[in-house]
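Here's the structure, in structure tokens; my notes come after.
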Amino acid sequence: MIEELKQKVSAKTRRLSRYRKRQNQYYQNKLFRTDCKKFYNCLRQTYSNVKNARDKEEVENFWREIYGREVQHNGKAHWIENQYQQNPSMEWSAVCEKDVADALRTTLNWKAPGRDKIAIIGLSNLQKHTSIWLQFLTN
């Protein structure tokens, strides 16, 4: 009898857990559709509780060890040569300020211009800095 009651309680708790997860999913989907900014802020707050954070120097040293070393790769590897043959290099065309301004004007706030629609905060507001973007792209 006790074992049967334990199983019933366990089943109910799992059902309740699934219900809470589903409710959270519905809420997040609705929030994303209505207010992307609030959705991303909500996600950021959810994971902002960082415990045992590393020191800045420790993190910088860790990445400096990885990216600071000179690495020689085999430039004549078989697969690299195949890629060069399959994908010939494209001709470089100059990027003018009008092209950058047009691209920035068509982007959506909180959306990326690509299919993934990953949030980019206020990119279209950067139209006034087109010359800076142009220098960044061409250098």
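When L31, L16 are checked against the criterion of being touching a helix residue (DSSP H, G or I) at 6+ places or on another chain (Cβ under 6 Å) and of a type in the set (A, V, I, L, M), a single residue qualifies: L31. Checked against (1) under 30 Å from L31 (Cβ atoms); (2) part of a loop (DSSP other than H, G, I, E, B), R69 passes all but a single condition, namely (1). Looking at C36, is it in contact (Cβ under 8 Å) with a residue 24 or more places away in the chain, surrounded by 11 or more Cβ atoms within 10 Å (Cβ to Cβ) and more than 30 Å from Q135 (Cα to Cα)? Here the answer is yes, as C36 does meet what is asked.
The listed residues are L43, L31, L5, and the only one of them that is hydrophobic (A, V, I, L, M, F, W, C), surrounded by fewer than 10 Cβ atoms within 10 Å (Cβ to Cβ) and over 30 Å from I132 (Cα atoms) turns out to be L5. Can we say A103 is surrounded by 10 or more Cβ atoms within 10 Å (Cβ to Cβ) and within 30 Å of I132 (Cα to Cα)? For A103, the condition - surrounded by 10 or more Cβ atoms within 10 Å (Cβ to Cβ) and within 30 Å of I132 (Cα to Cα) - is met.
Taking each residue of segment 66-88 that is exposed (fewer than 10 other Cβ atoms within 10 Å of the Cβ) and looking for partners that are part of a loop (DSSP other than H, G, I, E, B) with beta-carbon atoms closer than 9 Å, six or more apart or interchain, yields nothing.
Bear in mind these aren't lab numbers, they're just calculated from the coordinates by the rules spelled out. What you are looking at is a predicted structure, and each value in this text was computed from that prediction instead of being measured. Because the Cβ atoms are built from the backbone with ideal geometry, glycine has one as well, and the counts that use them run over all protein chains shown.
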